[in-house]
Amino acid sequence: MLIVRQENSNDYDEVYKVVKTAFKNAEHSDGNEQDLVVRLRNSEAFIPELSLVAVENDKIIGYILFTRIMIGKSEEVALAPLAVLPEYQRQGVGTRLIKAGHRIAKEKGYHYSVVLGSENYYHRLGYNEAVLYGIEPPFEVESKNFMAIKLNESKEKISGIVQYSKEFGI
Ligand SMILES: CC(C)(COP(=O)(O)OP(=O)(O)OC[C@H]1O[C@@H](n2cnc3c(N)ncnc32)[C@H](O)[C@@H]1OP(=O)(O)O)[C@@H](O)C(=O)NCCC(=O)NCCS
């Protein structure tokens, strides 16, 4: 049975390997995503409840992290990275991790999550081009690849440029 739960310090080594392995053959990767996770865990942007592992038979098969960002004057979250071990991909694990993260982020009072990635993947999960919400990337990117989801319908539109934590090196 697949369980999604908060990561704890005993998981760090396994998560490192999962992220490294998942991104090894990924289309868009700098090969350092596993080290980004280590840096983000030690940063002010880290939100422990939004560092989640997918576990099957006591084995970590997937990982997702949402960290704090600013959009204009509003504190929101960014999804990065998301990783599922190759042999467990296309079985809904990534979807489960994203949905769990959105629910927790909403409970914690965040209104938006942003992501840089494949529109084919994230549109299915409710993401749309961020510019539609007035949210702009802090770097040059095709607008279809910079996406946002509104987690809380009652929140009015916010506008601004996303400010990532310095650990992203942007
Ligand atoms: C992207 C990733 C997390 C998806 O996880 P997953 O558990 O396989 O995803 P799900 O099973 O929830 O969803 C599968 C669906 O997403 C789509 N999909 C999966 N990977 C995709 C990709 N790389 N690009 C586009 N669409 C993709 C497919 O349409 C698939 O549906 P299908 O099997 O019916 O065709 C996983 O492939 C992965 O770890 N990739 C390497 C790391 C990476 O690129 N991470 C994303 C960084 S933004």
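Looking at the range 94-114, I want the residues that are closer than 15 Å to TYR127 by Cα and among the β-branched types (Val, Ile, Thr) and have a partner that is assigned to a helix (DSSP H, G or I) and within 16 Å of the ligand (Cβ to nearest atom) with Cβ atoms under 8 Å, at least 6 apart or on another chain. Which pairs are those?
THR95/ARG124; THR95/LEU125; ILE98/LEU125; VAL114/ALA130
Name every residue in the range 9-64 that is modelled with pLDDT of 95 or more, among the small types (Gly, Ala, Ser) and closer than 16 Å to GLN89 by Cβ, in order of residue number.
Result: ALA22, ALA54, GLY62.
Out of curiosity, is LEU97 within 16 Å of the ligand (Cβ to nearest atom), of a type outside the set (Lys, Arg), in a helix (DSSP H, G or I) and modelled with pLDDT of 95 or more?
Against the criterion (within 16 Å of the ligand (Cβ to nearest atom), of a type outside the set (Lys, Arg), in a helix (DSSP H, G or I) and modelled with pLDDT of 95 or more), LEU97 qualifies.
Scanning the range 102-129 for residues that are away from the ligand (no atom under 12 Å from the Cβ) and assigned to a helix (DSSP H, G or I), which turns out surrounded by the most Cβ atoms within 10 Å (Cβ to Cβ)?
Checking each candidate, the answer is ALA105.
Kindly evaluate PHE46 against the criterion of being within 30 Å of TYR133 (Cα to Cα), away from the ligand (no atom under 15 Å from the Cβ) and either buried (at least 20 other Cβ atoms within 10 Å of the Cβ) or under 16 Å from the mean Cα position of the chain (by Cα) (or both).
Judged against the criteria, PHE46 is a match.
I'd like to check something: does the range 138-161 contain any residue that is part of a helix (DSSP H, G or I), of a type in the set (Gly, Ala, Ser) and more than 13 Å from the chain's Cα centre (by Cα)?
There is at least one residue in the range 138-161 that is part of a helix (DSSP H, G or I), of a type in the set (Gly, Ala, Ser) and more than 13 Å from the chain's Cα centre (by Cα).
Scan the range 1-27 residue by residue and report those that are under 15 Å from the mean Cα position of the chain (by Cα) and assigned to a loop (DSSP other than H, G, I, E, B).
Answer for the range 1-27, where residues must be under 15 Å from the mean Cα position of the chain (by Cα) and assigned to a loop (DSSP other than H, G, I, E, B): just GLU7.
Give all pairs with beta carbons closer than 6 Å in which a residue from the range 116-145 that is within 19 Å of ARG96 (Cα to Cα) meets a residue that is aliphatic (A, V, I, L, M) and more than 11 Å from the ligand (Cβ to nearest atom); count only pairs at least 6 apart in sequence or on separate chains.
Listed by first residue and then by second, the contacts come to GLY126/ILE149; TYR127/ILE149.
Do we have any residue at all in the range 68-76 that's out of contact with any strand residue (DSSP E or B) (no Cβ under 9 Å at 6 or more places or on another chain), among the acidic types (Asp, Glu), modelled with pLDDT of 95 or more and surrounded by fewer than 22 Cβ atoms within 10 Å (Cβ to Cβ)?
No; the residues of the range 68-76 include none that is out of contact with any strand residue (DSSP E or B) (no Cβ under 9 Å at 6 or more places or on another chain), among the acidic types (Asp, Glu), modelled with pLDDT of 95 or more and surrounded by fewer than 22 Cβ atoms within 10 Å (Cβ to Cβ).
Condition first: touching a residue at least 40 places away in the same chain (Cβ under 8 Å) and either polar (S, T, N, Q) or within 17 Å of PHE46 (Cα to Cα) (or both). Now tell me which residues in the range 1-18 satisfy that.
Once the filter is applied, which keeps residues that are touching a residue at least 40 places away in the same chain (Cβ under 8 Å) and either polar (S, T, N, Q) or within 17 Å of PHE46 (Cα to Cα) (or both), the range 1-18 yields ARG5, GLN6, GLU7, ASP11, VAL15.
Out of the range 57-88, which residues are within 9 Å of the ligand (Cβ to nearest atom) and either without any contact (Cβ under 8 Å) to a residue 40 or more places away in the chain or farther than 21 Å from ASN25 by Cα (or both)?
ILE64, LEU79, LEU82, TYR88
The values are calculated or read from the model by the stated rules, or taken from the named source; none is laboratory data. Model, not experiment: these values are computed from the prediction. Don't worry about glycine lacking a Cβ; one is built from the backbone with ideal geometry, like all the others, and counts go over all protein chains shown.
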